[in-house]
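A short worksheet on the structure shown next.
The values are calculated or read from the model by the stated rules, or taken from the named source; none is laboratory data. All figures in this text were calculated on a predicted structure; none of them were measured in a lab. Virtual Cβ from ideal backbone geometry, glycine too; neighbours counted across all protein chains shown. Ligands, DNA and RNA are stripped out before the accessible areas are found, and what is left, the full protein with its side chains, is counted by its heavy atoms. Shrake-Rupley method; radii C 1.70, N 1.55, O 1.52, S 1.80 Å.
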Amino acid sequence: MGNCLQRVDSSFTGGNSSNITFEDEFWIGWNNSYGPGDYNYAGLEAAAPCHSCKLLDESSLPFYILASILGILASTAVLFAFLKPLFYWQPCPGWKILVQLAVGSALFSISVPILAPMLRGAHNIHLCRLAHLVWYGSAFAQALLIGCHACLGPILSTNQFPGLTLGLTVGLWGVAILLGLPVTLTSDTSNGLCIQIFSQDILQFMHAAVCFAIFILLPLGLLGAKGLKKILDRGPCPWVNVLWVWFIFWWPHGMLRGLDSLVRSKILVLASCPAQQALDLLLDLAEVLAILHCVATPFLLALFCYQATHTSMPSLPLPER
């Protein structure tokens, strides 16, 4: 994956580099190649001052498709095990929340190939916005569900409050959809590709703030609450389990998305071109890690269910023959 493109000549931008976005610079550089004698150094200085190599370009399309297929297959297998078990075993504690996590992972897997780079002419603006809403909405829902399961898992596993699960389901998914609206409104199509155009600073800041809060502050808050409860000896909440590994796949995305928002809004000015190139590369790596969560989440669910049922299930005597 990855391809280094040449810089943009100012003749394609009218000499005004302030209107060049990172996506515009990338596609202009892709569509226009130069020979050794075609460089206009004055034009290059007037155009975008820094150009990064794209890690996720057309060569990464197989990665998107493979991750999507594996994620869909793994999520479907876990859903089948939860909803229609092959054997009569003890239900996994909090299985209703786990089913929603598997559904969220499957929805994310479906949206992955739609947002793959270089998939030209495959979508319109409505499909583009829907894909971004499913991408981030499902991720936000999974994060909120894991937080809810950590705090209310012991209560939900008793099945004494059936209305509580329904209320949490509607509430958490509704909040996740609302949190995904800012990035949905910034989605657009350019040259047949589905991209994000942050032309409105308020939407840019809202999306970056939501990513930072959900992917960074939420797990830190759970860890802080766990430590405080342990110090005060006030019970086991939050419930620490293997599902917390999910945040590792999204923590870099939340951190770098906030940093990128500060750079785009000129609040934080990078002093050198290598710094901008490093940020662009890290953003691509964070996206790769976030995509891989749809493959890892079903295995985390299966591992959690295995651990929970084998530690909580009492040993049964063997039937006499």
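When you count, for each residue, the other Cβ atoms within 10 Å and take the mean per peptide, how do 102-111, 217-226 rank with the highest first? Let's see the in-between values first.
Details: 102-111: 22.7, 217-226: 15.8.
Result, highest mean Cβ count within 10 Å first: 102-111, 217-226.
Using +1 at the C-beta of Lys and Arg and -1 at the C-beta of Asp and Glu, which of PHE249, ILE214, SER272 has the Cα lying farthest in the positive direction of the dipole of segment 208-277?
Ranked along the dipole, the leading option is ILE214.
How far, in nm, would the chain grow between LEU228 and CYS273 when pulled straight, counting 0.36 nm per residue and subtracting the alpha carbon separation?
On the way: separation 45, 0.36 × 45 = 16.20 nm, distance 4.33 nm.
Stretched out fully, the LEU228 to CYS273 stretch lengthens by 11.9 nm.
Please list, ordered by chain and number, the residues whose modelled amide H lies under 5 Å from the amide H of GLY94; skip anything fewer than 5 residues away on the same chain.
Amide H neighbours of GLY94, under 5 Å, 5+ apart: SER157.
How far, in nm, would the chain grow between LEU166 and LEU185 when pulled straight, counting 0.36 nm per residue and subtracting the alpha carbon separation? Working shown, then result.
On the way: separation 19, 0.36 × 19 = 6.84 nm, distance 2.88 nm.
Residue separation times 0.36 nm, minus the Cα-Cα distance, leaves 4.0 nm.
Compute the signed sum of charges (Lys and Arg +1, Asp and Glu -1) over the other residues within less than 14 Å, Cβ to Cβ, of SER60. Could the numbers behind the result be given before it?
Details: positive: LYS54; negative: ASP57, GLU58, ASP284, GLU287.
Computed value for this residue: -3.
At a Cα cut-off below 24 Å, give the lysines reachable from LYS54, other chains included and same-chain residues fewer than 8 away excluded.
Correct list for LYS54: LYS266.
How much length, in nm to one decimal, is gained on full extension between LEU70 and GLN307, taken as 0.36 nm per residue of separation minus their Cα-Cα distance?
Taking LEU70 through GLN307 to full extension adds about 83.0 nm, to one decimal.
Could you report segment 245-286's accessible area per residue, 1.4 Å probe, as an integer in Å²? Walk me through the numbers before you get to the answer.
Numbers: 2080 Å² over 42 residues.
Normalised by residue count, the accessible surface of segment 245-286 is 50 Å².
For LYS226, give me every one of the lysines with a C-alpha distance below 26 angstrom, ignoring sequence neighbours fewer than eight places off in its own chain.
Of all the lysines, those that pass the test against LYS226 - Cα under 26 Å, at least 8 places apart if same chain - are LYS96.
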